[in-house]
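Okay, so here's the structure we're looking at.
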Amino acid sequence: MNKHFLGDTTVLTGRSLRHIARSPDTIITTAIMPIAFMLLFVYVFGGAIQTGSDKYVNYLLPGILLITIASGISYTAFRLFLDLQGGIFERFQSMPIARSSVLWAHVLTSLVANLISLVVVVLVALLMGFRSGAGVLGWLAVAGILVLFTLALTWIAVIPGLTAKSVDGASAFAYPLIFLPFISSAFVPTDTMPGPVRAFAEHQPVTSIVNAVRDLFTQQPVDSDIWTALAWCVGILVVAYLFANVSYRRKIS
Amino acid sequence: MQGLEKSFKQLKVLRGVDIDVARGSIFALLGSNGAGKTTVVKILSTLLKADTGTARVNGFDVVTQAADVRESISLTGQFAAVDEILSGRENLVLVARLRHLEDPGTIADDLLRRFSLTEAGSRRVATYSGGMRRRLDIAMSLIGSPPVVFLDEPTTGLDPEARLEVWQAVKELAQGGTTVLLTTQYLDEAEQLADRIAILHEGRIIVNGTLDELKQLLPPAEVEYVEKQPTLEDVFLTLVGARTDSARTDGEQR
């Protein structure tokens, strides 16, 4: 049964990538909000924020990239939900295909779409004066962390995609994820925050991921942050993957 | 050889349903909304599991040999399960690829021709009319020539012309030896198409037989003389020239 997994996943991924190619607005709307935040914070609030780095946009970009991913994955839930609504999901399920390929196709599509959005956001940041001395290895490490984070959040998105009762429900789960970076070291250093907020900010996943990416961009030693970041990403990925598969199995049997 | 035999019980929705469908025949499952027709189809197409009872499709058990069942069937659900963003041809190619067939492009072109969709083939399905969507949907179900086809209310929401097109397609299917299980709430549809008809009511099959057998359940017909009036359907089809090719002369500009 699983002998067709790779082939079926490729065919179905091709299908949803075609959806994206025909409505590129999903990639643009994914990138618009993070870009708006970036403009707002760099040109409006940024002057008053003391971060200790030479340019605020350099400090800000890692957090903006995470917001980009968080807003991008809501489209995965949306697309999955539409497949379920439209009946094509049932058609696929009644065909002799590897059943898990239906989910994997959406996950891989999410990865591709998010990577494109991330490239758009980084290009805008470069226009706004973002500079990094990181070499090829540094950029690859950043890309690796972002890919892992995208996969983790995408598997979270699969759950509402499968279980939501309405389109709004399918995409609303993304809002808390989009706002999580605000209570982290993404926009301002955590030292100025009052005790409990600071404790939350320093122990939630975004801070370690942002710090690791920032250190890679500024060629600082990444110390323990990168391990905490990787542990968070892998941990979320595994848990979300398991829950998504439980929801999926419930849906198809 | 039997197409399928099944009997199962499910709380409320289905309370013990037994059906036998002969290979190569058209079997209509008739019932009002909520009678459980779709549930039966979903169980047979491995989308749902029955609480109790067993069902076999093309000789395979729907629970223990689900993969073999999926090889043997295709499902056309209540709502046209087509991808709106893809073109008609891309939809067909997609299904052919997922059925792991050689030369999906040729298969797609053949089906487009057979269902008079060649011209629309490269357009996005979102631009199709209800009847075209349904035809595409049925065409997608025929890819790989599965021996058993489930049609769940295939003409619900279609205009009379599109309905006739679907009927034609179903008849051709059965002539080709495919076993068709059709659910419908339209009595005339069952009458037109089916070799055997079963009526599903409140989760049970209350009758099962050929049209003639069902008619015998009622007292013999009395002869009455009634003035022959054209039905509204006759009028409608005549006025819109229902694919009769010839009647397109009399200034039917809208």
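For chain A, the mean projected area of the C-alpha convex hull, equal to one quarter of the hull surface, is 14.4 nm².
Between the Cα long axis of helix A:205-217 and the first principal axis of chain A there is an angle of about 60°, rounded to the nearest 10.
Computed with every protein chain present, the accessible area of B:ASP212 is close to 100 Å² [probe 1.4 Å].
Mean sequence separation of contacting Cα pairs (under 8 Å, at least six apart), scaled by the length of chain B, corresponds to a relative contact order of 26 percent.
In chain A, the longest principal axis of the Cα atoms and the axis of helix A:5-22 are about 60 degrees apart. The mean number of partner chain beta-carbon atoms within 10 angstrom of a residue's beta-carbon across peptide A:12-18 is 3. Maximal additional length on extending the A:PHE243-A:SER224 stretch stands at 4.0 nm, based on 0.36 nm per residue less the C-alpha distance.
Of the whole protein surface, B:THR54 contributes about 80 Å² of accessible area at a 1.4 Å probe radius. Per residue of peptide A:94-103, the mean number of Cβ atoms on other chains within 10 Å of the residue Cβ is 6.
Here the Karplus curve 6.51 cos²θ - 1.76 cosθ + 1.60, taken at θ = phi - 60°, turns the phi angles of region A:196-202 into couplings of x, 4, 5, 4, 4, 4, 7 Hz, with x standing for Gly and Pro. Evaluated with a Cβ-only charge set (Lys, Arg +1; Asp, Glu -1), the protein assembly as shown carries a dipole of roughly 1220 debye about its Cα centre, given to the nearest 20. Each stretch of four or more DSSP H residues adds -39500 (n - 2.57); spread over every residue of chain A, this sum gives -24500 deg cm²/dmol at 222 nm.
The alpha carbon centroids of region B:39-110 and region A:160-207 are separated by 41 Å. Considering all C-alpha pairs of region A:209-253, those separated by over 14 Å amount to 59%. Restricting attention to the protein assembly as shown, the count of lysine pairs at 8 or more positions apart or across chains with alpha carbons under 15 Å apart stands at 12. On a 0 to 90° scale, report how tilted helix A:101-127 is relative to the longest principal axis of chain A, with both axes built from alpha carbons and the result rounded to the nearest 10. Tilt relative to chain A: about 30 degrees. Ranked from largest to smallest solvent-accessible area, with a 1.4 Å probe on the protein heavy atoms, A:ARG99, B:ARG124 come out as B:ARG124, A:ARG99.
If you roll a 1.4 Å probe over the protein assembly as shown with all protein chains in place, what percent of the accessible area is carbon or sulfur? Ligands and nucleic acids excluded, carbon and sulfur reach 60 percent. Pairs of Cα atoms nearer than 8 Å and 6+ residues apart set the relative contact order; for chain A it is 26 percent.
Taking every DSSP beta bridge that has both residues in chain B, what percent is antiparallel when rounded to the nearest 5? Here the antiparallel bridges make up roughly 55 percent for chain B. The mean count of C-beta atoms from other chains within 10 Å of the C-beta of residues in B:80-90, rounded to a whole number, is 4.
In chain B, helices alone account for a calculated mean residue ellipticity at 222 nm of -10000 deg cm²/dmol, with every DSSP H run of four or more residues adding -39,500 (n - 2.57). By the Kirkwood approach, averaging reciprocal distances over each pair of separate Cα atoms, the protein assembly as shown gets a hydrodynamic radius of 26.1 Å. Calculated from the alpha-carbon coordinates, chain B shows an Rg and a Dmax of 19.6, 61 Å respectively.
The residues B:LYS215, A:LYS55, sorted by heavy-atom accessible surface at 1.4 Å with ligands and nucleic acids left out, run B:LYS215, A:LYS55 from largest to smallest. In Å², rounded to the nearest 100, what is the total accessible surface buried by chains A and B against each other with a 1.4 Å probe? Separately minus together, A and B give about 2400 Å² buried. Membrane-span-like helices in chain B, defined purely by DSSP H runs whose alpha carbon atoms cover 20 Å or more axially and whose average Kyte-Doolittle hydropathy reaches -1.0, are B:160-175.
The values are calculated or read from the model by the stated rules, or taken from the named source; none is laboratory data. Predicted model, so just to flag it, every value in this text is computed and none were measured. Ideal geometry is used to build each Cβ from the backbone, glycine not excepted, and the neighbour counts take in all protein chains shown. The accessibility values were calculated without ligands, DNA or RNA, using every heavy atom of the protein model including side chains. Shrake-Rupley method; radii C 1.70, N 1.55, O 1.52, S 1.80 Å.
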